[in-house]
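One structure below.
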Amino acid sequence: MFDITSLWLFVLAVFLLSITPGPDMAYVVGQSVANGRKAGVISAAGVALGSCTHAIASVIGLTALIAASPVMFSIVKYAGALYLMYLGGKMILGTLSKGEVTQDDAPSIKKDARLQDLLSKGFITTLTNPKVLLFFVSFFPQFVVPGGQHQMESFLVLGLAYTLVAFVTDAMFAVLAGSAAGAVSRNRKIQILLDRIVGTAFIALGVRLALTHR
């Protein structure tokens, strides 16, 4: 029914890609450390939704259209870079006001750790990452038989497999990173340090993304 070749090799490649440090993992791990495992897993779900969108776009040809257009590619690239730098700057600026709050008044969960925020930020982080877009365009066709009669279904299955593997991997890192959440929530200095480290990492990734060439 499907025109897929070497599905196991595809899954292995996606897993190796998922454990490579990048914007998605930095966001998931950062939220998990700051707000707990649940926040990290929800963030991973948001990233997975972004991956699903890329998969659907690749099926209908929109992904190929954007990748083939220098203008569209640049728009997606710079939008993603600006968003990452915005998140990083917001985290660093947040540490300035956080330092003025006493330990007794400090909430154990950040105000921005709402379900909608976690999902939307993870979704946008992945959706505006041109590396994910190019992965779908350049990598997926290698595992689909050329001229097959079920190419659309095959791309959908590969997209689902990619999303599932990436989500499980991100969720695993969220659980591992969330183990430190209890100690972090009780230590304001560690909170501030981690927020600044993660915020700086986001800004650096945004700059790196902006300088990425096709």
**Asked** Within region 4-48, how many residues are within 21 Å of Q142 (Cβ to Cβ) and open to solvent by 20 Å² or more (accessible area, probe 1.4 Å)?
**Response** 14
**Request:** Kindly list the number of the only condition in (1) of a type in the set (S, T, Y); (2) surrounded by 16 or more Cβ atoms within 10 Å (Cβ to Cβ); (3) out of contact with any Cys (no Cβ under 7 Å at 6 or more places or on another chain); (4) at pLDDT 80 or above that fails for T200.
**Result:** (2)
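If we keep just the residues of region 97-126 that are assigned to a loop (DSSP other than H, G, I, E, B) and among the polar types (S, T, N, Q), which is modelled with the lowest pLDDT?
Keep residues of region 97-126 that are assigned to a loop (DSSP other than H, G, I, E, B), which gives 99-114.
Right, trim to among the polar types (S, T, N, Q) and you get 102-103, 108.
Working: T102: 43, Q103: 42, S108: 36.
Among those that are assigned to a loop (DSSP other than H, G, I, E, B) and among the polar types (S, T, N, Q), it is S108.
Which one of these is modelled with pLDDT of 70 or more, part of a helix (DSSP H, G or I) and surrounded by fewer than 21 Cβ atoms within 10 Å (Cβ to Cβ): G88, G182, G94, G159?
On the way: G88 fails: surrounded by fewer than 21 Cβ atoms within 10 Å (Cβ to Cβ); G182 fails: modelled with pLDDT of 70 or more; G159 fails: surrounded by fewer than 21 Cβ atoms within 10 Å (Cβ to Cβ).
Only one candidate passes the filter, namely G94.
Tell me the residue from S69, S74, S51, S58 that is surrounded by 22 or more Cβ atoms within 10 Å (Cβ to Cβ), at pLDDT below 80 and not basic (K, R), please. Lay out the reasoning, then the answer.
On the way: S69 fails: surrounded by 22 or more Cβ atoms within 10 Å (Cβ to Cβ); S74 fails: surrounded by 22 or more Cβ atoms within 10 Å (Cβ to Cβ); S51 fails: at pLDDT below 80.
Going through S69, S74, S51, S58 in turn, just one is surrounded by 22 or more Cβ atoms within 10 Å (Cβ to Cβ), at pLDDT below 80 and not basic (K, R): S58.
The values are calculated or read from the model by the stated rules, or taken from the named source; none is laboratory data. No experiment lies behind these values; they were computed from the predicted model shown. Counting neighbours? That spans all protein chains shown, and the Cβs are built from the backbone with ideal geometry, glycine included. Calculation scope for accessible area: heavy atoms of the full protein, side chains included, ligands and nucleic acids excluded. Shrake-Rupley method; radii C 1.70, N 1.55, O 1.52, S 1.80 Å.
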